[in-house]
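The values are calculated or read from the model by the stated rules, or taken from the named source; none is laboratory data. Since the structure is predicted, the reported quantities are computational estimates derived from the model, not experimental observations. Cβ coordinates were reconstructed from backbone atoms using ideal geometry, including for glycine residues, and neighbour counts include every protein chain displayed. All accessible areas refer to the heavy atoms of the entire protein, side chains included, with ligands and DNA or RNA removed. Shrake-Rupley method; radii C 1.70, N 1.55, O 1.52, S 1.80 Å.
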Amino acid sequence: MTRIIATVCHKGGVGKTTSAASLGGILASEGKRVLLVDLDPQMNLTRTFCSEEFGRTVYDAFKEKRNLPVVTIRKGLDVVPSSIDVSGLDNELASVIGRERILSKLLAPVSGSYDWVFIDCPAQLGLVTANALAAADAAFIPISCDKFSGDGLNQMFDFVVMVKDVNPRLGVAGIAVTRFRPRRIVDSRVAESLREGWGKLVFKTMIRENAAIVQAPLAGTDIWSYEPKSNGALDYKALLSELKARMKNWEQLSDNQKLYNTK
């Protein structure tokens, strides 16, 4: 059973790309087949693993409505590269019939070849992000530990519920606290506030701020391949265990369980 996860947040710099690359990299190291789909025009996920330019990108697949370009990174790990042109897709597809389901149709021929698919979304709640959620089983929401980290979470949650009308199986895998600094009081307060407001939706594991997390993409790889003994790698390993548990028997969960983690 393929699990499709959309890493989504209304803000930039919260760890969407890092989370997709890290979780996908760990799964690939465990022998799973993983596809990473880069829908962000900043192309950070693409650049994490790829240094070359590509003839076709996810933008071309959207426009042509055919054949996602899949690039093999290593055994068990493939990437669909992005392009800066994705920044204009919301406007270009605004009048297209069935525009929210384009990615679902593009993924249909290939997703069965993978155990996990992670879709890295842009930092906006537009048509491209709606496509990711319409194709996904669940939204994975990273939130960094800053003063305004939780601002807009209600709006984002409402967006997920809205897309659920197009994709009934959609839910929220959880909210992940990233860039956590244990010695800073404000970080602990932010994390506590998120737990008070969102309860069990917030993963127990928090991703500590870690130099290796920043260095890994500069080395052209994910944190687990770069430094598996680092705090960042160990934190993402623990977070993945939680994600697996939450996605187990996903099809049997009620809408309330999928959206509010009431298990």
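Brief remarks follow.
- Considering Ala135, Ala130, the condition of being of a type in the set (Gly, Ala, Ser) and under 24 Å from Phe49 (Cα atoms) is satisfied by Ala135 alone.
- Flag set for Thr72, criterion: β-branched (Val, Ile, Thr) and surrounded by fewer than 15 Cβ atoms within 10 Å (Cβ to Cβ).
- Positions within segment 187-218 being in contact (Cβ under 8 Å) with a residue 24 or more places away in the chain and more than 16 Å from Val14 (Cα to Cα), in sequence order: Ser193, Gly197, Trp198, Gly199, Lys200, Leu201, Lys204, Ala216
- Among the candidates Ala132, Ala173, Ala139, the residue that is under 26 Å from Ala233 (Cβ atoms), outside any strand (DSSP E or B) and touching a strand residue (DSSP E or B) at 6+ places or on another chain (Cβ under 8 Å) is uniquely Ala132.
- With respect to being part of a helix (DSSP H, G or I), modelled with pLDDT under 95 and over 27 Å from Thr48 (Cβ atoms), Arg189 fits the description.
- For segment 146-162, residues that are open to solvent by less than 10 Å² (accessible area, probe 1.4 Å) and either without any contact (Cβ under 8 Å) to a residue 60 or more places away in the chain or not in a loop (DSSP other than H, G, I, E, B) (or both) total 3.
- Filter result for Arg47 (modelled with pLDDT under 95, buried (at least 16 other Cβ atoms within 10 Å of the Cβ) and of a type in the set (D, E, K, R)): yes
- Residues of segment 226-242 that turn out to be open to solvent by 10 Å² or more (accessible area, probe 1.4 Å) and touching a strand residue (DSSP E or B) at 6+ places or on another chain (Cβ under 8 Å), as a count: 3
- Those helices (runs of 4 or more DSSP H) of segment 1-118 in which at least 1 residues are in contact with a Pro (Cβ under 9 Å, 6 or more places away or on another chain), in contact (Cβ under 8 Å) with a residue 12 or more places away in the chain and β-branched (Val, Ile, Thr), considering only elements entirely within it, cover 16-29, 44-49, 58-64.
- Qualifying residue in segment 12-26 (condition: open to solvent by less than 10 Å² (accessible area, probe 1.4 Å) and in contact with a Lys or Arg (Cβ under 8 Å, 6 or more places away or on another chain)): yes
Matching residues to (1) out of contact with any Cys (no Cβ under 7 Å at 6 or more places or on another chain); (2) over 27 Å from Gly220 (Cβ atoms); (3) surrounded by fewer than 21 Cβ atoms within 10 Å (Cβ to Cβ):
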{"residue": "Ser82", "(1), (2), (3)": "yes, no, no"}
{"residue": "Ser113", "(1), (2), (3)": "yes, no, yes"}
{"residue": "Leu127", "(1), (2), (3)": "yes, yes, yes"}
{"residue": "Pro142", "(1), (2), (3)": "no, no, no"}
{"residue": "Arg169", "(1), (2), (3)": "yes, yes, yes"}
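Table: residues versus (1) among the polar types (S, T, N, Q); (2) within 14 Å of the chain's Cα centre (by Cα).
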{"site": "Lys16", "(1), (2)": "no, yes"}
{"site": "Ser22", "(1), (2)": "yes, yes"}
{"site": "Lys32", "(1), (2)": "no, no"}
{"site": "Arg66", "(1), (2)": "no, no"}
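- Hey, Leu201 crowded, with 17+ Cβ neighbours inside 10 Å and under 16 Å from Leu240 (Cα atoms) or not: yes
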